[in-house]
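Heads up: the structure comes next, in structure tokens.
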Amino acid sequence: MSQENPVAVFDSGVGGLSVLREIRNLLPHEDLLYVADSAHVPYGEKSTSFIETRAILITEFFIRQQAKAVVVACNTATSAAVETLRARFDIPIIAMEPAIKPAAQQTRSNVIGVLATSGTLSSERFANLTARHGNGVKIVVQPCPGWVELVEHGNINNEEAHILVDRYVTPLLEKGVDTLVLGCTHYPFLKNTIQKIAGSNVTIIDPSPAVARELQRRLHHHQLLNPDKSKKGEDTFWSSGNSAQVTAIISALWGENVTINNLPA
């Protein structure tokens with residue numbers, strides 16, 4: 001495994017760009033690969049076995065691209081597949097999880113809200129996470145059907161987004177929540193709308209920066225950080241969905257025009 005090899009990131013769609021952005025900021029010299037499995041978005045409504053199969057196939061694709069590490073930039077895919085991936089592949093596999101621990105440490109009201117997909121909230125991994133780090137606080141969970149689709153269609157600041165975000169955030173505020181955990185990588189793209197509705201006294205926690213730091217730590221541990229500080233890392237994108245539609249959305253969310261390659265079937 002070469003230090004010059006790329007780092008790979010995948011999600012059910014474009015949500016993992018929130019993680020990719022933090023990785024790019026922290027590791028500007030690394031080449032990054034990104035797969036949006038847009039033909040199968042959202043994962044939150046799929047079976048565990050289906051998500052596990054997709055995760056294996058995408059990771060095998062990354063291995064063929066000589067990836068030196070894989071970031072599962074999806075909470076639902078983490079719950080369904082990360083243990084299988086770690087058992088099957090011998091490169092670092094970095095996972096997502098809702099930031100229950102920092103939320104429990106920061107809350108003043110001792111009531112935290114977790115915004116996530118139904119797949120994440122119903123998983124054994126999430127139950128174990130709350131059992132480990134949720135002592136002494138009340139955890140109010142809220143599935144958010146429709147939020148992934150908002151981001152996938154680029155509707156992050158319009159009236160439709162405001163109405164749908166308000167539908168799921170306001171009930172949490174009425175229960176005394178003062179800290180909100182974003183438990184899906186699509187949701188950081190709705191953070192401004194969430195904050196407007198929640199108000200400035202509510203803290204919103206996005207785990208993406210912590211995931212980027214964990215990737216950096218794991219690459220350092222395995223001596224896989226790219227030592228060439230003179231080069232700017234390249235970004236390469238694939239999608240299993242409609243390339244024209246995905247190109248427009250990824251370009252808008254990434255902040256520059258990008259080329260989307262078709263993910264092999």
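Summary table
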| item | result |
| --- | --- |
| Distance (nanometres) between label positions extended 7 Å along Cα→Cβ at residue 108 and residue 247 | 4.9 nm |
| Size of electric dipole in region 150-265: Cβ of Lys, Arg +1 and of Asp, Glu -1, about Cα centre, debye, nearest 20 | 440 debye |
| Residues with amide H under 5 Å from that of residue 29, placed H, sequence gap 5 or more | 233 |
| Square roots of 5 times each gyration tensor eigenvalue, C-alpha, region 200-243, largest first, Å | 26, 22, 12 |
| Computed lengthening from residue 228 to residue 88, 0.36 nm per intervening residue step minus Cα-Cα distance | 47.4 nm |
| Measure of compaction for the chain (Cα Rg per 2.2 N^0.38 Å) | 0.97 |
| Candidate aspartates and glutamates for bridging to residue 232, where Cα separation is under 19 Å - those fewer than 8 sequence places away on the same chain excluded | 4, 22, 30, 31, 256 |
| Lys, Arg +1 and Asp, Glu -1 on Cβ, resulting dipole of the chain about Cα centre, debye, nearest 20 | 700 debye |
| Per-selection Kirkwood Rh - region 100-206 (Cα, Å, 1 d.p.) | 13.8 Å |
| 5 angstrom amide H check on residue 258, placed H, neighbours 5+ away | 251 |
| Whole-Hz couplings from phi, Karplus 6.51/-1.76/1.60, listed for region 112-125; x for Gly and Pro | 10, x, 10, 9, 7, 7, 4, x, 5, 5, 8, 7, 5, 4 |
| Modelled FRET efficiency - R0 41 Å, residue 162 with residue 47, Cβ distances, 0.05 increments | 0.80 |
| Helix-only [θ]222 nm of the chain, DSSP H runs n ≥ 4, -39500 (n - 2.57) each, per residue, nearest 500 | -13500 deg cm²/dmol |
| Highest-first arrangement of 204-215, 245-256, 16-27, where packing means the average Cβ count within 10 Å | 16-27, 204-215, 245-256 |
| Largest to smallest principal axis extent of the C-alpha atoms in region 138-265, angstrom | 51, 38, 27 |
| Calculated from backbone phi, Karplus (6.51, -1.76, 1.60) coupling profile of region 36-42 in Hz, x at Gly/Pro | 9, 7, 5, 5, 10, 7, x |
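Readers should treat all values here as calculations from the given coordinates under stated rules, not as data from a laboratory. The model shown is predicted, which means the values in this text are computed figures rather than measured ones. Here the Cβ is made from the backbone with ideal geometry for all residues, glycine too, and neighbour counts use every protein chain on show.
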